[in-house]
Amino acid sequence: MKGKRIFPAALIIFLALLIVCPLLSIFARAAFPDGHFDLTSAINTLKENENASMIASSLLLGVLVVIVSSIIALPLAYIFSRTEFARYRFFDIIFMIPFMTPPYIASMGWILFMQRRGLMQQLFPSLAFISDWFFSLGGLVLVMSFHVFPFMMTMMKNAMLSVPSSLDEAGSVLGIPFRTRLGRLFMPLLTGNYAIGALLVFVKTISEYGTPSTLGRRIGFSVFTTDIHRYATVAPIELGKSASLASVLIGICLLIWILQNYITAHRTYSLISGKGGSIRIRKLSPAAKGAILIFIAAVVFFSMIIPLFSVIASSLIKLRGYGLRAGNYTIGNYIAVFTEDKQGINALLVSIFLAVSSATITAVLGTVIVTAIRNARKSIGNIIEGISLLPEMLPSIVLVLGIMLFYNGIYRIIPIYGTIWIMVLSYVILFLPYTIQYVTSAYSQISGSLIAAGRICGAGPLYIFMHITLPLIARGIASGWMMTFIIAFRELVTPSLIAPTNTLTVSTYINRQFEQGSVGKGMAMAVICILFSTVSLLLLNTVINRKKT
Amino acid sequence: MKKPLIIIALILASLSAFAAGEGIVTVYMPSPAGLANKLAADFEAKTGIEVQTFQGTTGEILARLETEKANPVADVVILASWSDGLSMKESGQLESYTPANSDKMVPGWIDEDSMLFGYSASAVGVIYNTLIYPTLDADWAELADPEFRNDIAIPDPELSGACKDFVAGYVNAYGWDTFEALAGNGMVVPGANRAALEAVTTGEVGVLIAGVDYNAYSSMADGEPLSIYYPESGTVVNPRPAMIMKSAPDMENAKAFVDYLLSEDAQKMVAEAYLLPGRTDIQFDNRSTLAEIPQIECDWDAMMDISSSAAARINELCER
């Protein structure tokens, strides 16, 4: 029985080394600039005019994106939970697309579309006035909202689905008009869920690097993530400043996380108890139906069609100077990605290697961790779970900065800084929470009686795990693997901060071509990237579903 | 009967390749990427020494060197800015060496301490979109005229070494008036060299000042609607220094690579990439020759002192 105590303890130490130490080295770098405790330089960094205004604009951006994505997401959530449109499951897949398109690719698409004499002005010269407006904070908010809204939409849709219609009917029987019911009954029940969704969107926005680093840079709008990156990579390097800003960002994220936990505990209502309430679908008048269709079409047009059209069109244009014009199209950019030099094909191979290796390692590690959590005492289990989910609460740029500082510092003991293995490590840390969540939810569906049955029949713990538990959680593990694979394939933050000499991934290849090479080649790779993730999602989905039957 | 001879020759060649220097040489070099790759591949084929390259803008290369100070990786560093090369020399990072063929180099493209080897050079000029301006020959200062309002771009001099040297040289010779007027006329900074060229190619702006010429020549050869000229009050031709790091992990390979850069084959590749070759005996006809480019009198020491702050000032002036 000794092993039962030692193993969880060893796991905690391992996770602390893996996740907590890099974070601590950020605080250390910020608070111990010359080896002894001294907060003045950190405070001075924050007092600097440009940093103070950067923090203000980061928070402003977060608030604005919450507002705009609510305007998009709330009506959609209602439409897809309470009206006839709830039946069309096909929209669930459609609204996955903005999520499947990496934000840096989408914002490159927007830039190419909106820029002066860009695609929009070539198609509709009279709309030129929009361009000037677009390259401003407003445009940035719009692009980020169109990326993040499906997230809030899904959350709110599920929340609305859990409000049984019986409550609404009760109100209706009492003669309360629809508007009042909506305002007094429906909405108050959802404020808790909305607050959680809004906070998550806020954190996601201030943690996002892709859009600010492309569109934000274009309009000279700095936020936390871009400044942390700049101080850590552009001469003169000031890691202390980078670490100070990262510390503040960690503080904000943890604060929001605590707030969110408080709201979950105090402001959400358990609406499903006993027999599940039924949802009554509202019948719509043709006019309402038409208006809704127009709204959905507009959202699809702005969040998907414009960026995708722009990326695909740019990948097919032969001479950039002539733009969209008959005879000026070519597939040469795609050929050039593979043949012009080894960079394109190497970038693809590196990304595939990183995606496969990190997905596999996190699948194994995540399963071990979740199994340990379930077998350990509750308090120990909570510690393990808390540490391993930490990476999800924090912006990836912060974690990667921590990894960079920590492994640079212990280079003599573990010499992986500057090699591809530090990238594998970083991916594992960043994406571990996905596997943990998938495996945990798979575990929660296993009834204890199955295990008990195994025990009664005389099976040992290993036998039970291999023959009862593992087959039952295999789908959860596979889903976690798949998610990690797709997200790791296009990861941008890690490679742009700690890629070794000579190593490009798909994301940095696209970025580099967009910024300093041939836009056509960059966009060709972007199309390949989107196709690759979509096809692997579909492929793996069918494989996993087939396994089930 | 010839087969055995060929086999023996091959064996000898591979043996000599091994003897000459197995191992690797790590080279940090700026664009154009195509040239960097070709040089690396040819050097590998000739010597058997594997070339690890890091390709980035001058700004990125300098940043990389700074992060790696504790664990130096680079053997040879090539920059697109002569003044940045001089400041690396001043901080004592460079090894002195007399490469083969250095006697054939353009006078002045090797420094007196024999640490900076200008194996190629570029000049900056005015690049314009011919769909927007069919012809153009305005001098630098004239581009601040109202007719070019909001239609001028400049590469980010903190990223582009060539642009940085030009700004330093121009300001040193003529002062700040022109740049202030251009900034007041709505000049924008789209990014490093390629991004700036992209802006003028797509017509986002009509005119790019201080754009590197080799990029423009290569786009023009592709058929893009561009043209380039060197304004009459002169420009800066900046030799691109290749330098051997004092901290080079592999000094012998580093020296071999620098020798190779000045070899006839490498110099021909330089010319094919529309750069000015570092040796005077290489013939080319795909671009303006050194003699045809009007130049500003360059005081490189004075320019080195102001180049970084001047580059930062450009970005401040153009900030919207």
Within segment B:253-270, does at least one residue satisfy the condition of being in a loop (DSSP other than H, G, I, E, B), within 26 Å of B:Leu35 (Cβ to Cβ) and either within 14 Å of chain A (Cβ to nearest Cβ) or among the hydrophobic types (A, V, I, L, M, F, W, C) (or both)? yes
Condition test on B:Glu158, is it in the same structural domain as B:Glu204 (by TED's automatic domain parsing), on the phi < 0 side of the Ramachandran plot and without any contact (Cβ under 8 Å) to a residue 12 or more places away in the chain? no
For segment A:127-240, give me every one of the helices (runs of 4 or more DSSP H) that falls completely inside it and has 1 or more residues that are within 14 Å of another protein chain (Cβ to nearest Cβ). A:128-134, A:137-161, A:224-233
Look at segment B:28-64 and say how many of its residues are within 18 Å of the chain's Cα centre (by Cα), within 16 Å of B:Ala254 (Cα to Cα) and assigned to a helix (DSSP H, G or I). 3
Looking at the structure I just gave you, is B:Asp259 loosely packed, with under 15 Cβ neighbours inside 10 Å, in contact (Cβ under 8 Å) with a residue 24 or more places away in the chain and farther than 30 Å from A:Gly220 by Cβ? no
Which members of segment A:8-62 meet the condition of being surrounded by 14 or more Cβ atoms within 10 Å (Cβ to Cβ) and among the β-branched types (Val, Ile, Thr)? A:Ile12, A:Ile19, A:Val20, A:Ile26, A:Thr45, A:Ile55
If a residue must be at pLDDT 85 or above and either more than 14 Å from chain B (Cβ to nearest Cβ) or under 24 Å from the mean Cα position of the chain (by Cα) (or both), how many such residues does segment A:510-532 contain? 16
Based on this model, can you work out whether A:Ser162 counts as in contact with a Leu (Cβ under 9 Å, 6 or more places away or on another chain) and within 28 Å of A:Thr534 (Cβ to Cβ)? no
Answer residue from segment B:75-93, given it is outside any helix (DSSP H, G or I) and crowded, with 24+ Cβ neighbours inside 10 Å and is farthest from the chain's Cα centre (by Cα) among those: B:Asp75
Output the residues belonging to segment A:371-397 that are within 30 Å of A:Arg5 (Cα to Cα) and within 22 Å of the chain's Cα centre (by Cα). A:Glu385, A:Gly386, A:Ile387, A:Ser388, A:Leu389, A:Leu390, A:Pro391, A:Glu392, A:Met393, A:Leu394
Requiring at least 2 residues that are under 27 Å from the mean Cα position of the chain (by Cα) and within 28 Å of A:Ser285 (Cβ to Cβ), the helices (runs of 4 or more DSSP H) wholly within segment A:1-107 are A:49-82, A:90-94
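Looking at A:Ile373, A:Ile414, A:Ile451, A:Ile380, which one is under 25 Å from A:Pro8 (Cα atoms), crowded, with 18+ Cβ neighbours inside 10 Å and modelled with pLDDT under 90?
Of the residues listed, the single one that is under 25 Å from A:Pro8 (Cα atoms), crowded, with 18+ Cβ neighbours inside 10 Å and modelled with pLDDT under 90 is A:Ile373.
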Tell me the residue from A:Met404, A:Met423 that is in contact with a helix residue (DSSP H, G or I) (Cβ under 8 Å, 6 or more places away or on another chain), assigned to a helix (DSSP H, G or I) and within 14 Å of chain B (Cβ to nearest Cβ), please. A:Met404
Of the residues in segment A:359-379 that are touching a helix residue (DSSP H, G or I) at 6+ places or on another chain (Cβ under 7 Å) and of a type outside the set (Val, Ile, Thr), the one that is farthest from A:Leu462 (Cα to Cα) is A:Ala359
Those residues of segment A:108-126 which are without any contact (Cβ under 8 Å) to a residue 24 or more places away in the chain and either part of a helix (DSSP H, G or I) or on the phi > 0 side of the Ramachandran plot (or both) amount to A:Met120, A:Gln121, A:Pro125, A:Ser126
Number of positions in segment A:331-377 that are within 14 Å of chain B (Cβ to nearest Cβ), without any contact (Cβ under 8 Å) to a residue 12 or more places away in the chain and under 19 Å from A:Ile420 (Cβ atoms): 2
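Can you tell me which residues in segment B:112-148 are closer than 24 Å to B:Ser160 by Cβ and without any contact (Cβ under 8 Å) to a residue 60 or more places away in the chain? Spell out the reasoning first.
First, pick out the residues of segment B:112-148 that are closer than 24 Å to B:Ser160 by Cβ: B:115-130, B:132-133, B:136-144, B:148.
Within segment B:112-148, B:Glu142, B:Ala144, B:Phe148 meet the criteria.
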State whether one or more residues within segment B:60-70 are within 24 Å of B:Val270 (Cα to Cα), modelled with pLDDT under 90 and not charged (D, E, K, R). yes
Which of the helices (runs of 4 or more DSSP H) contained wholly in segment A:472-549 include at least 3 residues that are surrounded by fewer than 20 Cβ atoms within 10 Å (Cβ to Cβ)? A:519-548
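Among the residues of segment A:426-461, write down those that are without any contact (Cβ under 8 Å) to a residue 24 or more places away in the chain and part of a helix (DSSP H, G or I).
Within segment A:426-461, A:Ser444, A:Gly448, A:Ser449, A:Leu450, A:Ile451, A:Ala452, A:Ala453, A:Gly454, A:Arg455, A:Ile456, A:Pro461 qualify.
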If we only count helices (runs of 4 or more DSSP H) wholly inside segment B:156-239, which ones have 1 or more residues that are of a type in the set (Lys, Arg), surrounded by 23 or more Cβ atoms within 10 Å (Cβ to Cβ) and facing another protein chain (nearest Cβ under 10 Å)? B:193-201
Filter result (among the aromatic types (Phe, Trp, Tyr) and out of contact with any Lys or Arg (no Cβ under 8 Å at 6 or more places or on another chain)) within segment B:82-126: B:Trp109, B:Phe117
Complete set of residues in segment B:268-281 that are surrounded by 16 or more Cβ atoms within 10 Å (Cβ to Cβ) and free of Cβ contacts under 8 Å to residues at least 40 places away in the same chain: B:Ala271
Sort through A:Ile252, A:Ile258 and tell me the only one that's in contact (Cβ under 8 Å) with a residue 40 or more places away in the chain, away from chain B (no Cβ under 14 Å), part of a helix (DSSP H, G or I) and under 21 Å from the mean Cα position of the chain (by Cα). A:Ile252
Only one residue in A:Gly183, A:Gly175, A:Gly192, A:Gly171 is farther than 30 Å from A:Glu515 by Cβ, free of Cβ contacts under 8 Å to residues at least 60 places away in the same chain and in contact with a Lys or Arg (Cβ under 7 Å, 6 or more places away or on another chain), so which one is that? A:Gly171
Mind listing just one residue for me: the one in segment B:31-62 that is surrounded by fewer than 19 Cβ atoms within 10 Å (Cβ to Cβ) and closer than 19 Å to B:Met245 by Cα and, of those, nearest to the other protein chains (Cβ to nearest Cβ)? B:Gln52
Based on what the data block shows, is A:Ser315 away from chain B (no Cβ under 13 Å), in contact with a Ser or Thr (Cβ under 6 Å, 6 or more places away or on another chain) and either in contact (Cβ under 8 Å) with a residue 40 or more places away in the chain or hydrophobic (A, V, I, L, M, F, W, C) (or both)? no
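The values are calculated or read from the model by the stated rules, or taken from the named source; none is laboratory data. All values derive from a computational prediction rather than experimental measurement. Methodologically, a virtual Cβ is constructed for each residue, glycine included, from the backbone with ideal geometry; neighbour enumeration extends over all protein chains shown.
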